[in-house]
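Beneath this line is the structure, given in structure tokens, with notes to follow.
The values are calculated or read from the model by the stated rules, or taken from the named source; none is laboratory data. A quick note: this is a predicted structure, and the numbers were derived from the prediction, not measured. Glycine gets a Cβ as well: all are built from the backbone with ideal geometry, and neighbour counts include every protein chain shown. To get the accessible areas, we keep the full protein, side chains included, count just its heavy atoms, and leave off ligands, DNA and RNA. Shrake-Rupley method; radii C 1.70, N 1.55, O 1.52, S 1.80 Å.
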Amino acid sequence: MKKEANSSIEKEHGTNPKISRYWIQRYDLFSRYDEGIEMDEEGWYSVTPEEIAIKQAERCRGKVVIDCFSGVGGNTIQFAKVCSSVVAIDIDPMKTAFAMNNAKVYGVANRIDFVTGDFMQLAPSLKGDVLFLSPPWGGPTYSKVESYKLDMLLPRDGYSLFQTALSITPNIIMFLPKNVDLAQLEELAWLSSPPLTLEIEESCIGGEIKAITAYFSSDAV
């Protein structure tokens with residue numbers, strides 16, 4: 001019965017035009033996809049590819065990390081492998097359930113505190129060494145704009161999110177579209193008090209740029 005159910009899911013995802021392009025890349029998203037990974041439609045196009053998530057997590061080795069928009073858990077899982085502890089926050093209880101399931105598939109669920117809630121409201125009670133911001137980019141249409149602005153981020157603009165993040169820690173990682181306005185990221189760094197160090201990394205898969213990772217810090221993360 002389980003095999004039949006999996007075949008049904010494969011057929012559905014493989015023929016769904018909203019998912020099919022991501023379905024082909026499922027092992028780039030989760031190398032252990034066949035072992036019970038679960039995602040909703042939004043998860044398919046918003047989860048960080050595993051190879052990129054591994055590199056981001058390595059920069060946080062041994063730290064306490066807060067994943068503020070954890071979604072279905074792609075980054076959370078990789079943080080849990082190398083960090084001292086992880087707090088995974090998402091406002092959608094279904095995504096939290098998927099993230100918990102996926103973390104179990106990777107054997108790291110016991111190293112993660114899952115929280116269903118609004119990061120902006122929870123921020124005053126949060127403490128951590130590094131804060132990871134990968135908020136929704138507004139769906140796949142983000143790639144059609146020439147220059148992606150921080151006020152296009154959801155549910156709040158990037159400036160508001162960044163200021164809230166700064167109230168917790170100056171060590172902030174932002175995962176953003178490859179066409180993001182880099183001048184705005186530089187502005188976030190030098191307008192901070194004191195100014196922050198900024199490192200921009202092109203996040204690639206197979207030699208192709210998929211996104212931009214911005215590392216902000218008061219000292220090396």
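Provide, in order from the shortest bin, the percent of all Cα-Cα pairs of region 104-155 in each 10 Å bin, continuing until the bin that contains the maximum pair distance.
Whole-percent P(r) values from 0 Å outward: 17, 36, 31, 16, 0.
Projecting each Cα onto the charge dipole of the chain (Lys/Arg +1, Asp/Glu -1 at the beta carbon, about the Cα centre), which of Ala88, Gly107, Ile52 comes out farthest on the positive side?
Positive-most Cα among the choices belongs to Gly107.
How fast does the chain diffuse by Stokes-Einstein, in µm²/s, taking the Kirkwood radius from C-alpha pairs at 37 °C and 0.692 mPa s? It would help to have the intermediate numbers written out before the result.
Values: Rh = 17.7 Å.
Using the Kirkwood radius from Cα pairs, D works out to 185 µm²/s.
Between helix 182-191 and the chain, what is the angle of the helix's C-alpha long axis to the longest principal axis, kept within 0 to 90° and rounded to the nearest 10?
50
What value does region 27-117 have for Rg/Rh, both radii from Cα atoms and Rh as Kirkwood defines it? Mind dumping the intermediate values first?
Working: Rg = 11.5 Å, Rh = 12.5 Å.
Taking Rh as the inverse mean 1/r over Cα pairs, Rg/Rh reads 0.92.
What number comes out for accessible area per residue over the chain if the probe is 1.4 Å? Units Å², please. Before the final figure, lay out the partial values.
Details: 10930 Å² over 221 residues.
Value returned for the chain: 49 Å² of accessible area per residue.
How large, in percent, is the carbon and sulfur part of the accessible surface of the chain at a probe radius of 1.4 Å? Write down the numbers at each step before the final one.
Working: 5610 of 10930 Å².
The C+S portion of the solvent-accessible surface of the chain is 51 percent.
Taking the full set of protein chains and a 1.4 angstrom probe, give the accessible area of Tyr142 in square angstrom, rounded to the nearest 10.
50
Any chance you could check the Cα centroid distance between region 166-221 and region 29-72 for me, in angstrom?
18
No solvent, one uniform scatterer per C-alpha: report log10 I(q)/I(0) for region 64-195 via the Debye equation at q = 0.09, 0.10 1/Å, two decimals.
The computed values of log10 I(q)/I(0) come out as -0.26, -0.32.
Please find the FRET efficiency linking Ile24 to Tyr159, where r is the Cβ-Cβ separation and R0 is fixed at 35 Å, and quote it to the nearest 0.05.
Numbers: r = 36 Å, r/R0 = 1.02.
The formula returns an efficiency of 0.45 here.
Expected output is a single nm value to one decimal: the length gained when fully extending between Arg61 and Glu208, i.e. 0.36 nm times separation in residues minus the C-alpha distance. What is it? Mind dumping the intermediate values first?
On the way: separation 147, 0.36 × 147 = 52.92 nm, distance 2.57 nm.
Length gained between Arg61 and Glu208: 50.4 nm.
Say we join alpha carbon atoms closer than 10 Å with springs in a Gaussian network model of the chain; which of Ile172, Ile205, Ile54 then has the biggest fluctuation?
Ile205
Report the FRET efficiency, 1/(1 + (r/R0)^6), for Glu146 and Asp118, where r is their Cβ-Cβ distance and R0 is 35 Å, rounded to 0.05.
Working: r = 31 Å, r/R0 = 0.89.
Here the calculated transfer efficiency is 0.65.
On average over all directions, what projected area in square nanometres does region 173-221 have, based on the convex hull of its Cα atoms?
Directional mean of the projected Cα hull area for region 173-221 stands at 3.4 nm².
What aspartates and glutamates could a cross-link reach from Lys149, if we take a straight Cα to Cα line under 19 Å and drop same-chain neighbours fewer than 8 places away?
By straight Cα distance, Lys149 reaches Asp157, Asp181, Glu186, Glu187, Glu199, Glu201, Glu202.
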